[in-house]
Amino acid sequence: MQIFNTLTRQKEEFVPQVPGEYRIYVCGPTVYNYIHIGNARPLIVFDTLRRYLEYRGNKVIYVSNITDIDDKLINKANEEGITVKEVAERYIKEFWIDAEGLNVRKATVHPRATENIDEIINIIERLVEKGYAYPSGGDVYFRAEKFKEYGKLSHQPLDELKEGASERGASAEQKESPMDFTLWKAAKEGEPFWESPWGKGRPGWHIECSAMSGKYLGKTIDIHCG
(Lines give C-alpha, C1' and ligand atoms only; values in the text may rest on other atoms or scores of the structure.)
Protein backbone atom coordinates (compact mmCIF):
# COMPACT_ATOMS: atom_id res chain seq x y z
CA MET A 1 0.00 0.00 0.00
CA GLN A 2 1.28 3.45 -0.90
CA ILE A 3 0.44 6.53 1.15
CA PHE A 4 1.49 10.16 0.89
CA ASN A 5 4.43 11.00 3.17
CA THR A 6 4.08 14.59 4.37
CA LEU A 7 7.81 14.78 5.12
CA THR A 8 9.04 13.73 1.66
CA ARG A 9 5.93 15.01 -0.16
CA GLN A 10 5.55 11.90 -2.27
CA LYS A 11 3.72 8.60 -2.27
CA GLU A 12 5.71 5.80 -0.69
CA GLU A 13 5.21 2.13 -0.02
CA PHE A 14 4.15 1.98 3.61
CA VAL A 15 5.89 -0.52 5.87
CA PRO A 16 4.68 -0.70 9.50
CA GLN A 17 7.12 -1.06 12.39
CA VAL A 18 5.67 -4.47 13.24
CA PRO A 19 4.64 -6.61 10.25
CA GLY A 20 0.88 -7.03 10.16
CA GLU A 21 0.24 -4.37 12.82
CA TYR A 22 -0.70 -0.73 12.28
CA ARG A 23 -0.66 1.85 15.08
CA ILE A 24 -2.78 4.81 13.98
CA TYR A 25 -3.52 8.07 15.78
CA VAL A 26 -6.37 10.26 14.53
CA CYS A 27 -7.02 13.81 15.74
CA GLY A 28 -10.55 13.70 17.13
CA PRO A 29 -13.15 16.39 17.87
CA THR A 30 -12.88 19.42 20.13
CA VAL A 31 -16.33 19.09 21.68
CA TYR A 32 -17.62 22.64 21.92
CA ASN A 33 -20.22 22.40 19.13
CA TYR A 34 -21.83 20.04 16.62
CA ILE A 35 -19.48 18.54 14.04
CA HIS A 36 -19.52 20.01 10.52
CA ILE A 37 -18.62 18.50 7.15
CA GLY A 38 -14.93 19.24 7.69
CA ASN A 39 -15.03 17.11 10.86
CA ALA A 40 -17.03 14.38 9.15
CA ARG A 41 -14.53 13.97 6.32
CA PRO A 42 -11.63 12.60 8.43
CA LEU A 43 -14.07 10.42 10.36
CA ILE A 44 -15.04 8.66 7.14
CA VAL A 45 -11.66 8.71 5.39
CA PHE A 46 -9.67 7.24 8.26
CA ASP A 47 -12.35 4.77 9.26
CA THR A 48 -12.19 3.53 5.66
CA LEU A 49 -8.39 3.20 5.95
CA ARG A 50 -8.75 1.22 9.17
CA ARG A 51 -11.39 -1.07 7.67
CA TYR A 52 -9.24 -1.71 4.59
CA LEU A 53 -6.18 -2.62 6.66
CA GLU A 54 -8.28 -4.99 8.76
CA TYR A 55 -9.85 -6.47 5.62
CA ARG A 56 -6.32 -7.28 4.46
CA GLY A 57 -5.79 -9.26 7.65
CA ASN A 58 -3.83 -6.72 9.68
CA LYS A 59 -4.18 -5.83 13.33
CA VAL A 60 -5.04 -2.13 13.74
CA ILE A 61 -4.68 -0.22 17.00
CA TYR A 62 -6.73 2.87 16.27
CA VAL A 63 -6.67 5.75 18.75
CA SER A 64 -8.79 8.87 18.29
CA ASN A 65 -8.85 11.50 21.03
CA ILE A 66 -11.54 13.78 22.40
CA THR A 67 -10.41 17.31 23.31
CA ASP A 68 -12.66 18.18 26.26
CA ILE A 69 -10.69 21.12 27.70
CA ASP A 70 -9.82 24.06 25.47
CA ASP A 71 -10.41 27.80 25.07
CA LYS A 72 -13.37 27.08 22.79
CA LEU A 73 -15.11 24.95 25.43
CA ILE A 74 -14.49 27.58 28.10
CA ASN A 75 -15.89 30.34 25.89
CA LYS A 76 -18.97 28.24 25.08
CA ALA A 77 -19.55 27.49 28.77
CA ASN A 78 -19.27 31.19 29.64
CA GLU A 79 -21.70 32.14 26.87
CA GLU A 80 -24.32 29.68 28.13
CA GLY A 81 -23.66 30.05 31.86
CA ILE A 82 -22.90 26.34 32.33
CA THR A 83 -19.79 24.32 33.20
CA VAL A 84 -17.15 23.17 30.72
CA LYS A 85 -17.97 19.57 31.64
CA GLU A 86 -21.63 20.12 30.73
CA VAL A 87 -20.59 21.54 27.34
CA ALA A 88 -18.27 18.60 26.72
CA GLU A 89 -20.79 15.93 27.68
CA ARG A 90 -23.50 17.47 25.50
CA TYR A 91 -21.36 17.55 22.36
CA ILE A 92 -19.68 14.20 22.99
CA LYS A 93 -23.18 12.71 22.96
CA GLU A 94 -23.99 14.54 19.72
CA PHE A 95 -20.69 13.44 18.21
CA TRP A 96 -21.54 9.77 18.77
CA ILE A 97 -24.98 10.27 17.23
CA ASP A 98 -23.43 11.75 14.09
CA ALA A 99 -20.61 9.19 13.91
CA GLU A 100 -23.10 6.33 14.12
CA GLY A 101 -25.24 8.03 11.48
CA LEU A 102 -22.21 8.03 9.18
CA ASN A 103 -21.63 4.32 9.97
CA VAL A 104 -18.23 5.12 11.48
CA ARG A 105 -16.95 2.50 13.91
CA LYS A 106 -15.55 3.46 17.29
CA ALA A 107 -11.79 3.51 17.71
CA THR A 108 -9.87 1.01 19.81
CA VAL A 109 -9.79 3.75 22.43
CA HIS A 110 -11.10 7.31 22.60
CA PRO A 111 -8.97 9.02 25.29
CA ARG A 112 -10.10 12.34 26.72
CA ALA A 113 -7.63 15.12 27.40
CA THR A 114 -8.98 15.57 30.94
CA GLU A 115 -8.28 11.91 31.69
CA ASN A 116 -4.59 12.32 30.83
CA ILE A 117 -3.52 15.38 32.80
CA ASP A 118 -0.82 13.47 34.72
CA GLU A 119 0.77 12.27 31.46
CA ILE A 120 0.63 15.81 30.04
CA ILE A 121 2.30 17.29 33.13
CA ASN A 122 5.01 14.61 33.04
CA ILE A 123 5.90 15.43 29.43
CA ILE A 124 6.02 19.16 30.13
CA GLU A 125 8.27 18.56 33.15
CA ARG A 126 10.69 16.57 30.97
CA LEU A 127 10.71 19.31 28.33
CA VAL A 128 11.49 21.94 30.98
CA GLU A 129 14.29 19.78 32.44
CA LYS A 130 15.87 19.38 28.99
CA GLY A 131 15.61 23.08 28.17
CA TYR A 132 12.95 22.70 25.47
CA ALA A 133 10.33 24.53 27.54
CA TYR A 134 10.25 27.26 30.16
CA PRO A 135 7.74 28.60 32.70
CA SER A 136 6.72 32.24 32.51
CA GLY A 137 3.93 34.00 34.41
CA GLY A 138 2.24 30.74 35.38
CA ASP A 139 2.28 29.50 31.78
CA VAL A 140 4.79 27.09 30.25
CA TYR A 141 6.03 27.65 26.68
CA PHE A 142 7.78 25.40 24.18
CA ARG A 143 11.11 26.91 23.12
CA ALA A 144 10.73 26.52 19.34
CA GLU A 145 14.23 27.66 18.39
CA LYS A 146 15.78 25.06 20.70
CA PHE A 147 14.40 22.31 18.45
CA LYS A 148 16.62 22.54 15.37
CA GLU A 149 14.21 20.62 13.11
CA TYR A 150 11.21 22.84 13.90
CA GLY A 151 9.23 23.38 10.69
CA LYS A 152 10.78 20.35 8.95
CA LEU A 153 7.47 18.54 8.50
CA SER A 154 5.64 21.61 7.17
CA HIS A 155 8.64 22.56 4.98
CA GLN A 156 8.55 26.08 6.42
CA PRO A 157 11.84 27.44 7.79
CA LEU A 158 11.69 28.98 11.25
CA ASP A 159 12.55 32.42 9.85
CA GLU A 160 9.48 32.32 7.58
CA LEU A 161 7.24 31.14 10.39
CA LYS A 162 8.37 34.05 12.55
CA GLU A 163 6.78 36.59 10.20
CA GLY A 164 3.64 37.83 11.89
CA ALA A 165 4.03 35.42 14.79
CA SER A 166 4.49 38.26 17.28
CA GLU A 167 0.79 39.05 16.92
CA ARG A 168 -0.30 35.56 17.95
CA GLY A 169 -1.45 35.00 21.50
CA ALA A 170 -2.43 37.32 24.32
CA SER A 171 0.68 36.54 26.36
CA ALA A 172 3.32 37.49 23.78
CA GLU A 173 5.16 39.62 26.34
CA GLN A 174 5.79 36.50 28.43
CA LYS A 175 7.52 34.65 25.60
CA GLU A 176 11.21 34.53 24.82
CA SER A 177 10.33 34.33 21.13
CA PRO A 178 7.10 34.98 19.20
CA MET A 179 7.32 31.41 17.83
CA ASP A 180 7.06 29.80 21.27
CA PHE A 181 3.68 28.21 21.98
CA THR A 182 1.82 27.34 25.16
CA LEU A 183 2.11 23.90 26.74
CA TRP A 184 0.42 24.85 30.03
CA LYS A 185 -1.93 27.78 30.66
CA ALA A 186 -2.34 29.42 34.04
CA ALA A 187 -5.98 29.34 35.13
CA LYS A 188 -8.01 32.52 34.99
CA GLU A 189 -10.77 33.28 37.49
CA GLY A 190 -13.64 30.82 37.14
CA GLU A 191 -11.85 28.47 34.72
CA PRO A 192 -11.40 24.75 35.37
CA PHE A 193 -7.90 23.90 36.55
CA TRP A 194 -5.54 21.19 37.72
CA GLU A 195 -2.66 21.48 40.16
CA SER A 196 0.79 21.45 38.57
CA PRO A 197 4.41 22.34 39.42
CA TRP A 198 3.69 25.77 37.84
CA GLY A 199 0.48 26.43 39.74
CA LYS A 200 -3.19 25.95 38.90
CA GLY A 201 -3.84 25.63 35.20
CA ARG A 202 -4.73 23.48 32.24
CA PRO A 203 -2.94 21.98 29.24
CA GLY A 204 -2.37 23.85 26.02
CA TRP A 205 -3.87 22.39 22.86
CA HIS A 206 -0.57 21.22 21.28
CA ILE A 207 0.60 18.97 24.12
CA GLU A 208 -2.59 16.96 24.59
CA CYS A 209 -2.29 14.65 21.58
CA SER A 210 1.43 14.14 22.23
CA ALA A 211 0.58 12.72 25.65
CA MET A 212 -2.35 10.61 24.49
CA SER A 213 -0.62 9.11 21.46
CA GLY A 214 2.42 8.25 23.56
CA LYS A 215 0.34 6.63 26.28
CA TYR A 216 -1.69 4.40 24.01
CA LEU A 217 0.61 3.81 21.01
CA GLY A 218 4.16 4.29 22.31
CA LYS A 219 6.92 6.68 21.28
CA THR A 220 6.58 6.02 17.54
CA ILE A 221 3.29 5.59 15.67
CA ASP A 222 2.83 4.25 12.15
CA ILE A 223 0.34 6.74 10.75
CA HIS A 224 -0.77 10.10 12.13
CA CYS A 225 -4.07 11.24 10.61
CA GLY A 226 -5.35 14.79 11.02
Normalised by the number of residues in segment 100-220, what is the relative contact order in percent for Cα pairs under 8 Å and 6+ residues apart? 27 percent
Any helix of the chain counts here only if DSSP assigns it H throughout, its Cα atoms span 20 Å or more along the axis, and its mean Kyte-Doolittle hydropathy is at least -1.0, and such helices are 37-55, 84-101
Computed [θ] at 222 nm, deg cm²/dmol, the chain (DSSP H ≥ 4; -39,500 (n - 2.57); rounded to nearest 500): -11000 deg cm²/dmol
Given bins 5 angstrom wide, list per bin the percent of all Cα-Cα distances in segment 47-130, short to long. 3, 12, 16, 17, 16, 15, 12, 7, 3, 1
Using a 1.4 angstrom probe, figure out how much accessible area the chain has per residue, in square angstrom, rounded to the nearest whole. 57 Å²
Within a Cβ distance under 13 Å of Val60, other residues only, what is the Lys/Arg minus Asp/Glu net charge? +3
Loop trypsin sites (Lys or Arg not before Pro), segment 37-114, which have at most 15 other Cβ atoms in a 10 Å radius of their Cβ (DSSP): Arg56, Arg105, Lys106
nm² value of the averaged projected area, convex hull over the Cα atoms of the chain: 13.5 nm²
Give the longest segment of the chain that steers clear of GluC sites (Glu not before Pro) in DSSP loops with at most 15 neighbouring Cβ atoms within 10 Å, not counting the sites themselves. 1-148
Can you list which of the chymotrypsin sites (Phe, Trp or Tyr not before Pro) found in segment 17-58 are DSSP loop residues with at most 14 other C-beta atoms within 10 Å? Tyr34
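The values are calculated or read from the model by the stated rules, or taken from the named source; none is laboratory data. Computed from a predicted structure; not experimentally measured. Every residue, glycine among them, receives a Cβ derived from its backbone with ideal geometry; neighbour counts consider all protein chains shown. These area figures cover heavy atoms from the full protein model, side chains too; ligands, DNA and RNA do not enter into them. Shrake-Rupley method; radii C 1.70, N 1.55, O 1.52, S 1.80 Å.
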